[in-house]
Ligand SMILES: Nc1nc2c(c(=O)[nH]1)N[C@H]1C(S)=C(S)[C@@H](COP(=O)(O)OP(=O)(O)OC[C@H]3O[C@@H](n4cnc5c(=O)[nH]c(N)nc54)[C@H](O)[C@@H]3O)O[C@H]1N2
Ligand SMILES: Nc1nc2c(c(=O)[nH]1)N[C@H]1C(S)=C(S)[C@@H](COP(=O)(O)OP(=O)(O)OC[C@H]3O[C@@H](n4cnc5c(=O)[nH]c(N)nc54)[C@H](O)[C@@H]3O)O[C@H]1N2
Ligand code: SF4
Ligand SMILES: [Mo]
């Protein structure tokens, strides 16, 4: 049987799959594609599970419409007629802002939503645009914008050439990398150690990545900004600052020196709980490595002071001369021209932040969106501009957004909720209309967004493995029909004509002549072709079609100062907006140190999980129970909790009952629950997931606590209280995990480059 190459669309690693299909279009097997230019055969269990996803009997094949209070199967005509009946009156009566849109993270892994959501938003005309980005990476993009002038000019670790990586709040062995597209991180990190490099992980949890690192600094959650300021202090104090060639186009070094002066390692230690001597040594190691890099992810960008922390990561990279040099933090150069939010080549301007503000709390717009942490209040607060209808695309806000209790009530109060999704998930269960999408194997793929973050320049286009089934629409067509309805047209108007308009507008923006593209392409393939033609390598979709295992465009190359889009074309090392934020960080120095028994909640991810989905595949949820509350033994004793028993966890906004797992993976004062669980929503159709529902951590996460500059939700570091819970046993969630420890093969601290390489990372 022929094996068809296809890029896995599930996470940021972009692995090449090899899909074996028979003549009846049955998927026989999915393996790693050994010829993929980037992943070279690597695949994780989720990639294999794309077969299960494709075949899942719970996956939606027909639209659903609510009739007499129940969602029932309907034809596409009926579903669009329902939207046509209900959406325009809301727009007409209350204006465009009454209709909000939430784009979930899966929309960044699919060409349809990636390329067509903007046209849909323009048709609606709403400012109430929300997405997973403000639960995730906005602080990094804000920091990049302020320093380099473009939210997509994000520096990524050159993992394959670096000799030292300081990783804060990231667990790439499990997440497979984030804002760092690098398939098979385990092998890449092993190779780093084999060539004598070192890995230092900063995390309050002993994550799998921390377990395998040379050194693990167990930081108090939410205090990374203080640690990084102390590191900057050490660089200045010990005369280690050396910007190298960056010096010629960087402003603000003196301001950083001034600001960092008071943040001595000794001063911050009581708050970060990291020994001052260790801070000094790590800084010296970073400098001594020659080519080293600081990298921060979820634990830094969804915590208190998230934008300051994300900025300080690059400040350290710049002060050590590691930005934009091989082995440091570099800027990828994707084959496609930028997404609409990206600043165009040649354009220079101050980064706009807060062009408008949310109605209720006044949180700032960023990249054309409002922070998702204010979605619930925009729906449930009466008054002019109140959100009355919501469209979700590839997301599950009922599980992924803070203060789920409030959001759930808000979703139920909407006049119209329309969900475009693979599944009848917990959000769609509340919808008035649900519109299905093709399975990943039935659509083309190209990682338009993720190549911005790739550790090597690659381009890989996958045509659909399987034809679109009868009775299914491409997702772009569905979004097109919604756009047509929102602009006053009829759902059965010609969507191809609409698509021609989208393509013409994009071609005009990119300076590409549509007439030069091969005749007959449409939909995302045509738009992608436009972006490739306009891209820096002058490629076309036809070129990519000739390379089904991908095109390797080489290692990352220095791109500065050319890639800078700031008004003066220079790096703004000390943007005033961030210096002002440092004041707030300074104030945190006088916070009372945590008392015994004070607890904060952080998250964690699991390899066989993908946020709130993939839990409906038995291969993904088999084995030990996963949605457990990690509690340190000291705290367990203090609160009278037993391993396997249940605890009541309470925060300002909600409470839940969770199964306790006592473990020294977390430090005292920190508890951890994964997100994306709580599959107990009546009306959802996730039958496998519902057997072991777990609990929804976002019932506890406080929507009032946000990063002040960007409004990004603080998902890590939420204050909670614990008490034993005695009540009826909960659903059987499977056996408790086997607590056997992974053997510690780390070399003693301070032994450079003695990693054994082969076994340094335990099982995920
Ligand atoms: N407490 C806490 N909350 C968190 C996080 C955390 O760490 N802690 N993490 C946050 C982060 S980083 C993120 S990104 C968000 C994720 O949260 P969301 O953005 O809500 O995304 P998912 O939960 O991944 O749900 C994705 C949905 O898309 C559907 N889907 C899959 N493929 C397609 C497709 O091609 N088209 C369409 N239309 N639908 C598709 C799936 O069936 C699924 O229902 O959660 C955030 N929430
Ligand atoms: N298997 C799997 N892979 C995934 C996903 C998934 O759900 N499952 N989700 C995908 C998505 S949407 C994303 S955004 C990425 C995220 O990818 P990563 O950021 O690599 O993964 P996380 O597991 O969120 O890692 C965050 C780490 O930060 C730590 N942390 C919490 N608070 C703090 C703090 O204050 N300081 C520091 N230094 N550390 C802290 C946590 O303990 C955790 O280990 O993963 C993607 N990949
Ligand atoms: S690591 Fe990510 S991209 Fe690679 S196979 Fe797994 S889910 Fe797919
Ligand atoms: Mo994410």
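May I ask for the percentage of alpha-carbon pairs in the range 483-585 that lie more than 18 Å from each other?
Values: 3518 of 5253 pairs.
Looking at the range 483-585, the distances longer than 18 Å represent 67 percent of pairs.
For the pair residue 704 and residue 590 in one chain, pulling the backbone fully straight at 0.36 nm per residue adds 38.9 nm over the alpha carbon distance. Entry note, the chain: relative contact order of 20 percent, from Cα contacts under 8 Å with a spacing of 6+ residues.
List the relative contact order of the range 1-66 as a percent without decimals, with contacts defined as Cα pairs under 8 Å and 6+ residues apart.
Values: 104 pairs, mean separation 15.7, N = 66.
Once divided by the residue count of the range 1-66, the mean separation gives 24 percent.
For the listed peptides 38-45, 408-415, 380-387, 651-658, a ranking on the average number of other beta carbons within 10 Å per residue, highest first, reads 38-45, 651-658, 408-415, 380-387. Summary value for the range 15-159: 11 percent relative contact order, contacts being C-alpha pairs under 8 angstrom separated by 6+ residues.
By counting other Cβ atoms within 10 Å of each Cβ, how are 18, 588 ranked from fewest to most?
On the way: 18 21, 588 15.
Least crowded to most crowded, the residues run 588, 18.
What shape does the chain have by the C-alpha gyration tensor, where a ≥ b ≥ c are the square roots of the eigenvalues, rounded means a/c under 1.5, and otherwise prolate means a/b greater than b/c and oblate the rest? Taking the square roots of the gyration eigenvalues as a ≥ b ≥ c, the chain is rounded.
Report the calculated FRET efficiency for residue 288 and residue 264 (r = Cβ-Cβ distance, R0 = 25 Å), to the nearest 0.05.
Working: r = 21 Å, r/R0 = 0.85.
Step by step, r from the Cβ atoms, then E = 0.75.
Could you work out how far apart the two model spin labels at residue 20 and residue 519 are, taking each label as a point 7 Å from the Cα in the direction of the beta carbon, and quote it in nm? Here the answer is 4.2 nm between the modelled labels. Each peptide among 346-356, 706-716 gets the average number of other Cβ atoms lying within 10 Å of its residues, and from highest to lowest they stand as 706-716, 346-356.
Shape annotation for the range 118-207: C-alpha extents along the principal axes are 54, 27, 24 Å, from largest to smallest.
Using 0.36 nm per residue and subtracting the Cα-Cα separation, the extra length available between residue 412 and residue 195 on full extension is 72.5 nm. Taken along the Cα-to-beta-carbon direction at a fixed 7 Å, the label points for residue 384 and residue 242 span 6.1 nm. Between residue 643 and residue 355, the FRET efficiency from the beta-carbon distance, with R0 = 56 Å, is close to 0.65. Over the chain, dividing the summed -39,500 (n - 2.57) contributions of all DSSP H runs of at least 4 residues by the number of residues returns a 222 nm mean residue ellipticity of -8500 deg cm²/dmol.
Given a Förster distance of 56 Å, report the FRET efficiency between residue 251 and residue 470 from their Cβ-Cβ distance, rounded to the nearest 0.05. Numbers along the way, then the final one.
Details: r = 60 Å, r/R0 = 1.07.
After rounding to 0.05, the efficiency reads 0.40.
Read-outs throughout are calculated quantities, based only on the coordinates presented, and are distinct from any laboratory measurement. What you see is a predicted model; the values in this text were computed from it and never measured. A quick note on method: Cβ atoms are made from the backbone with ideal geometry, for glycine too, and the neighbour counts reach across all protein chains shown.
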